[in-house]
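A quick write-up on the structure given underneath.
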């Protein structure tokens, strides 16, 4: 990520996320997350991992090394951090809160765009997954294996009926 775009991009992403508008359960989980953290609040961790995803950071160790950059530390609001702290923070991130944030962002997108179809949308992360040839005749199977390569991890996260 370009050094001039980092702050602008992270702040723009966060301008759409309103932690105060999340469900009561999610706000309680975030409160618990923040209660026992000295350096890494939920907001800082979310910013860090959004940055890591956007920058295509290879690992937590690589993210730790990137935080040597004083400008990045300033944008993230972090003085110093270790790989192990990042690992613990990642482990503490509740998927339900992230799903709540995703739902909030999805509703914002929904407000700004007109839906052309009333069909269901399935979110897929593309990886190799095991299938039964009889149940999934649409799959292109390798002659020696019983799995389909769908590109980069295939896992149905959840489906939403978009209206």
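What ranking do 103, 25, 113 get, fewest neighbouring Cβ atoms within 10 angstrom at the top?
Details: 103 15, 25 12, 113 8.
Exposure proxy ranking, most exposed first: 113, 25, 103.
Compute the label zone of residue 13 within region 28-50: residues whose backbone N is under 13 Å from the point 7 Å along Cα-to-Cβ. Under cut-off, by backbone N: 43-50. Given R₀ = 35 Å, FRET efficiency for residue 113-residue 82 by Cβ-Cβ distance, to 0.05? About 0.25, to the nearest 0.05. Apply 1/(1 + (r/R0)^6) to the Cβ-Cβ distance of residue 62 and residue 103, taking R0 = 25 Å, and write down the FRET efficiency to the nearest 0.05. Calculated value: 0.25.
Given the Cα-Cα distance of residue 55 and residue 39 and 0.36 nm per residue of separation, how much length would full extension add, in nm? Spell out each step's value before the answer.
Values: separation 16, 0.36 × 16 = 5.76 nm, distance 2.22 nm.
Full extension from residue 55 to residue 39 adds 3.5 nm.
Across region 6-99, the volume of the C-alpha convex hull divided among the residues equals 95 Å³ per residue.
Remind me, relative contact order of region 6-99 in percent, using alpha carbon pairs under 8 angstrom and six or more residues apart?
Values: 52 pairs, mean separation 32.0, N = 94.
It rounds to 34 percent for region 6-99.
For the pair residue 23 and residue 93, label points projected 7 Å from Cα toward Cβ lie 1.9 nm apart.
Reported to the nearest whole Å, the Cα centre-to-centre distance from region 20-43 to region 80-102 is 11.
Among 16, 51, 83, 36, rank each residue by its count of other Cβ atoms within 10 Å, from fewest to most, as a rough exposure measure. Walk me through the intermediate numbers first.
Values: 16 11, 51 21, 83 15, 36 8.
Least crowded to most crowded, the residues run 36, 16, 83, 51.
List 55, 100 from most exposed to least, where exposure is judged by having the fewest other Cβ atoms within 10 Å.
Details: 55 15, 100 20.
Fewest-to-most ranking of 55, 100: 55, 100.
Just so you know, all these numbers are worked out from the coordinates, no wet-lab data involved. Predicted, not measured: the structure shown is a model, and the values here were computed from it. Neighbour counts run over all protein chains shown; Cβ positions are idealised from the backbone, glycine included.
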